[in-house]
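Reading through the structure tokens given below for one structure.
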Amino acid sequence: MAREFSIVRELSRRELERHTKRFIGVTVTKPDFRDQNGLTEWVCDIRVGVKEGWALVKNCLIAQWAIGAVTDMNVPVLAERSEAGRVTIIARSDIQLPDIDFVSYSYDQLEFSFMHNLRTLDDGSVVDGFGYEFAGPSDGGYTAPVGTSTTHRYSNRLIEWGSTDFDYGVTEFGATISEWEEV
Amino acid sequence: MGEAESPEYDVTDWVSSISYSENITWENNDDAIASNCVLSVIYDEDALPIEMTEKTWLDGTPVRIYQGDRRIKKELWIPIFTGVVRGVPSTTEYSRSETKARMLNVTCVDRAEKYLNSVVTARAYETETDVGKAAVETAIEWMYLDRREIMIGYQDYAIAHTQSQLVDVEVLKGVFQILFTVGKKPKFNGEGFLVAADTDLDKPPIRRYQNKDHIVEIRREQILSSVNNSVRLLGIDDELTAVVESTKRLAHGNITSGFFEDEVRHRVYFSENDGKENQGRRAKNTYLANERISSIGAFFGEGLRWAPNIEDDGFTVFWGQVVFNTGYDPAVRATLTGLWAASQAIILLGWLGVVPDWIVAIAQATGTAAMIGMILSMTEVGHVYWEVHGQPFQNVYQQLCSTAQLSGILTEDIKEIELRNDWLYDIGYMRARAKELLRRELIKGWSYQIHMIDDPFIEVDDIIEIESMKFYITSIRKNLLRPGDGKMICTAWRIA
């Protein structure tokens with residue numbers, strides 16, 4: 001497979017161009033895989049720099065957005081993932097960090113609890129507007145359903161009233177019951 | 001402001017209605033005009049003290065609108081708009097329809113209009129200058145405002161860069177960039193003063209309604225675009241960062257030397273700024289490489305070394321010296337010369353019969369040997385090729401980046417806005433600003449239209465609280481009629 005390089009951010013490209021055209025190796029450590037709806041994302045620490053000045057970039061989100069390519073999201077480096085799964089990230093200068101700062105906030109941390117599209121039922125479970133159970137309202141904007149790690153397909157079929165032979169909740173539209181099916 | 005330099009005319013009686021509109025500025029676009037209004041004016045050539053025709057409502061004529069009630073004194077009316085006439089008013093010259101009062105429609109915009117196209121390169125502000133001071137001085141020097149027209153004070157945020165300057169930017173946009181650092185933005189308020197409107201979402205509300213008695217309707221508006229859920233804020237570090245290149249050849253050259261000197265010192269600069277020692281290309285970890293010495297004599301070229309001139313920081317090198325020791329001892333030449341001279345003297349003495357012949361023979365042999373030695377030493381001329389290698393580096397003001405993002409967003413769902421301000425320099429401060437800006441982007445998805453009882457004290461960028469909900473006002477529209485309907489329509493972002 002041909003090697004693929006890509007950068008998501010235009011900013012990253014600009015930052016690269018600002019510096020000299022030299023490639024410096026970067027190592028990825030401690031990958032913490034997150035598998036959401038079929039997309040592989042992971043958070044890891046990345047070391048950027050030359051021998052004289054390694055700097056650690058903590059909690060970089062790396063997402064696999066195309067086969068064979070890993071695109072760094074937050075660091076001005078090029079990244080590549082080989083077919084064997086090894087991650088190689090290449091930067092073009094020893095950008096001294098922490099010049100790049102990334103923080104994610106939940107609605108609650110932003111003091112926007114009214115923005116949640118989730119609601120808490122009497123039994124304490126948290127569900128979205130479709131009735132699907134969520135881990136909790138504190139996960140911010142979009143939160144994957146509890147325990148999901150696979151792709152889901154929406155189907156609409158008639159089933160018995162009150163049936164519970166599916167995993168991810170039920171939304172009632174009259175006699176028609178819709179559900180998410182694991183595929 | 002407050003005291004017009006030209007005569008002021010009260011034309012209240014000729015103005016039948018005003019359509020007033022105030023909008024939020026500098027929000028995802030460069031719109032700087034906060035307010036505008038359309039006046040319906042009765043056409044009257046005989047009006048006093050001045051005629052009410054298109055000749056008096058000229059483009060650029062200052063206009064101030066007060067809102068009030070005739071039952072109270074005019075001095076207590078509230079100025080809600082100060083601006084200028086824009087363009088030419090419309091009026092009906094002829095109509096077959098039933099005679100109506102001939103009207104002028106006059107459009108007025110606020111004072112920001114004047115500064116939209118004024119591109120300036122302003123004065124550079126030095127480090128430690130408060131951005132409030134920079135904004136005020138920019139307004140005085142480049143917007144030609146009087147200090148009394150500017151209601152901007154110290155902002156408790158000092159410039160850290162050596163120099164900061166607005167370059168080739170619209171002046172009001174430049175002031176916006178300055179005030180952006182502290183979460184404020186310039187606008188002309190109803191009285192015509194230049195103010196720094198605070199965009200803080202946590203500031204106290206200007207009105208707190210315990211019930212909905214003053215509210216006619218609250219309606220959430222449809223939003224036709226996705227809301228940004230990530231903010232990328234860019235700034236520039238105020239401290240230099242070294243960007244180091246890979247090791248490469250920095251300088252190279254030749255040295256030709258020989259019997260005539262014992263040591264050669266050759267100054268090497270990494271740029272062409274010879275004579276300016278601390279300027280030009282700089283490097284670190286320099287060393288000598290690829291030296292090649294070629295000579296005839298076997299004793300030539302004892303040593304070649306590199307003596308970098310290291311700056312106080314312990315690693316920066318602008319220049320250095322290539323030191324070449326030829327291995328030649330000047331004493332040899334002096335010795336040989338002395339031997340030859342002595343032998344000649346002995347030979348002379350031999351001719352005079354002072355010394356015996358065998359001594360003269362030794363002297364002749366010694367002199368010849370000294371001469372041969374001299375000749376051989378004069379062939380000790382050689383050639384040295386040298387290279388200096390090292391890591392060039394540049395000191396740059398590095399770009400800083402702080403991203404605030406809503407958590408739990410899938411990669412493909414990220415919708416990011418990028419904001420850049422070169423007056424920001426502290427990553428910790430930028431993190432807080434990015435968070436605030438993210439909050440600001442998110443509330444744009446919660447836009448409401450509020451019909452309520454008119455309150456001339458409420459302006460755009462104010463916060464009102466209605467029972468348990470808080471709103472950040474983004475626009476106000478109202479029709480000032482006689483008699484008035486006493487209502488206004490606000491659009492607002494819900495913030496709590």
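Just need a number here: residues in the stretch B:393-432 that are more than 7 Å from every other protein chain (Cβ to nearest Cβ), modelled with pLDDT of 75 or more and in a strand (DSSP E or B).
5
Note down all Cβ pairs under 7 Å where the first residue falls in the stretch B:46-74 and is of a type in the set (Asp, Glu), the second is part of a strand (DSSP E or B), and they're at least six residues apart or on different chains.
Cβ pairs passing all conditions: B:Glu51/B:Asp44; B:Glu54/B:Thr91; B:Glu54/B:Leu104; B:Asp59/B:Val85.
Would you check which residues across the stretch B:450-485 are among the charged types (D, E, K, R) and under 19 Å from A:Met115 (Cα atoms) and list them?
Across the stretch B:450-485, the qualifying residues are B:Glu465, B:Glu467, B:Lys470.
Please work out if B:Ala122 is assigned to a loop (DSSP other than H, G, I, E, B), in contact (Cβ under 8 Å) with a residue 12 or more places away in the chain, among the hydrophobic types (A, V, I, L, M, F, W, C) and open to solvent by 60 Å² or more (accessible area, probe 1.4 Å).
Answer is no for this residue.
Among the numbered criteria (1) more than 7 Å from chain A (Cβ to nearest Cβ); (2) in a helix (DSSP H, G or I); (3) out of contact with any helix residue (DSSP H, G or I) (no Cβ under 9 Å at 6 or more places or on another chain); (4) modelled with pLDDT of 90 or more, which single criterion is violated by B:Ile450?
(2)
Taking the stretch B:141-192, which residues are open to solvent by 20 Å² or more (accessible area, probe 1.4 Å), within 21 Å of B:Leu116 (Cβ to Cβ), aliphatic (A, V, I, L, M) and touching a strand residue (DSSP E or B) at 6+ places or on another chain (Cβ under 7 Å)?
B:Met151, B:Val169
Quick one: what pairs do we get from the stretch B:214-233, first residue more than 10 Å from chain A (Cβ to nearest Cβ), second open to solvent by 60 Å² or more (accessible area, probe 1.4 Å), C-beta under 6 Å, 6+ apart or different chains?
Pairs found: B:His214/B:Ile453; B:Ser226/B:Lys415; B:Asn228/B:Lys415.
Quick check on my filter: what residues within the stretch B:125-140 are open to solvent by less than 70 Å² (accessible area, probe 1.4 Å) and under 26 Å from B:Gly83 (Cα atoms)?
Across the stretch B:125-140, the qualifying residues are B:Gly132, B:Ala134, B:Ala135, B:Val136, B:Glu137, B:Thr138, B:Ala139, B:Ile140.
Are any residues in the stretch B:117-158 in contact with a Phe, Trp or Tyr (Cβ under 6 Å, 6 or more places away or on another chain) and at pLDDT below 90, and if so, which ones?
Passing the criteria: B:Val120, B:Ala122.
Does any residue in the stretch B:134-158 that is more than 14 Å from B:Lys185 (Cβ to Cβ) come within less than 8 Å, Cβ to Cβ, of a residue that is assigned to a helix (DSSP H, G or I) and among the aromatic types (Phe, Trp, Tyr) six or more places away or on a different chain, and which pairs are these?
Listed by first residue and then by second, the contacts come to B:Met143/B:Tyr115.
Tally the residues that are within 13 Å of B:Thr56 (Cα to Cα) and out of contact with any Pro (no Cβ under 9 Å at 6 or more places or on another chain), restricting the search to the stretch B:74-89.
Residues in the stretch B:74-89 being within 13 Å of B:Thr56 (Cα to Cα) and out of contact with any Pro (no Cβ under 9 Å at 6 or more places or on another chain): 4 in total.
Tell me which strands (runs of 3 or more DSSP E) are completely within the stretch B:195-245 and hold 1 or more residues being at pLDDT below 90, open to solvent by 80 Å² or more (accessible area, probe 1.4 Å) and of a type outside the set (Val, Ile, Thr), or say none if there are none.
B:230-244
Each row is one residue, and each column tells you yes or no for (1) touching a His at 6+ places or on another chain (Cβ under 9 Å); (2) buried (at least 16 other Cβ atoms within 10 Å of the Cβ); (3) closer than 25 Å to B:Asp110 by Cα.
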{"residue": "B:Gln391", "(1), (2), (3)": "no, yes, no"}
{"residue": "B:Arg420", "(1), (2), (3)": "no, no, no"}
{"residue": "B:Leu424", "(1), (2), (3)": "no, yes, no"}
{"residue": "B:Leu438", "(1), (2), (3)": "no, yes, no"}
{"residue": "B:Trp446", "(1), (2), (3)": "no, yes, no"}
{"residue": "B:Phe457", "(1), (2), (3)": "no, no, yes"}
{"residue": "B:Thr474", "(1), (2), (3)": "no, yes, yes"}
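Need a quick list: strands (runs of 3 or more DSSP E) entirely within the stretch B:273-326 having at least 1 residues that are in the same structural domain as B:Thr247 (by TED's automatic domain parsing), open to solvent by 80 Å² or more (accessible area, probe 1.4 Å) and modelled with pLDDT under 70.
Correct list: B:282-295.
Go through the stretch B:67-77 and count every residue that is open to solvent by 40 Å² or more (accessible area, probe 1.4 Å), touching a strand residue (DSSP E or B) at 6+ places or on another chain (Cβ under 9 Å) and not in a helix (DSSP H, G or I).
Residues flagged as open to solvent by 40 Å² or more (accessible area, probe 1.4 Å), touching a strand residue (DSSP E or B) at 6+ places or on another chain (Cβ under 9 Å) and not in a helix (DSSP H, G or I) within the stretch B:67-77 amount to 1.
Residues being touching a Ser or Thr at 6+ places or on another chain (Cβ under 7 Å) and open to solvent by 50 Å² or more (accessible area, probe 1.4 Å): count how many of those fall in the stretch B:78-102.
Going through the stretch B:78-102 one residue at a time, the tally reaches 2.
Could you figure out which of (1) part of a loop (DSSP other than H, G, I, E, B); (2) surrounded by fewer than 18 Cβ atoms within 10 Å (Cβ to Cβ) isn't true of B:Asn105?
(1)
Being assigned to a strand (DSSP E or B) and surrounded by fewer than 18 Cβ atoms within 10 Å (Cβ to Cβ) is the filter here, so list the residues in the stretch B:480-496 that pass it.
Answer for the stretch B:480-496, where residues must be assigned to a strand (DSSP E or B) and surrounded by fewer than 18 Cβ atoms within 10 Å (Cβ to Cβ): B:Lys487, B:Ile489.
Every residue in the stretch B:350-389 that is of a type in the set (Asp, Glu) and surrounded by 13 or more Cβ atoms within 10 Å (Cβ to Cβ), please.
The answer is B:Glu380, B:Glu387.
Can you name every residue in the stretch B:459-472 that is crowded, with 18+ Cβ neighbours inside 10 Å and within 28 Å of B:Asp31 (Cα to Cα)?
Answer for the stretch B:459-472, where residues must be crowded, with 18+ Cβ neighbours inside 10 Å and within 28 Å of B:Asp31 (Cα to Cα): B:Glu459, B:Val460, B:Asp461, B:Asp462, B:Ile463, B:Ile464, B:Lys470, B:Phe471, B:Tyr472.
The values are calculated or read from the model by the stated rules, or taken from the named source; none is laboratory data. On a predicted model such as this, the values are computed, not experimentally measured, just so you know. FYI the Cβ positions are ideal-geometry reconstructions off the backbone, even for glycines, and counts take in every protein chain you see. Areas reflect the complete protein model, heavy atoms only, side chains present, ligands, DNA and RNA absent. Shrake-Rupley method; radii C 1.70, N 1.55, O 1.52, S 1.80 Å.
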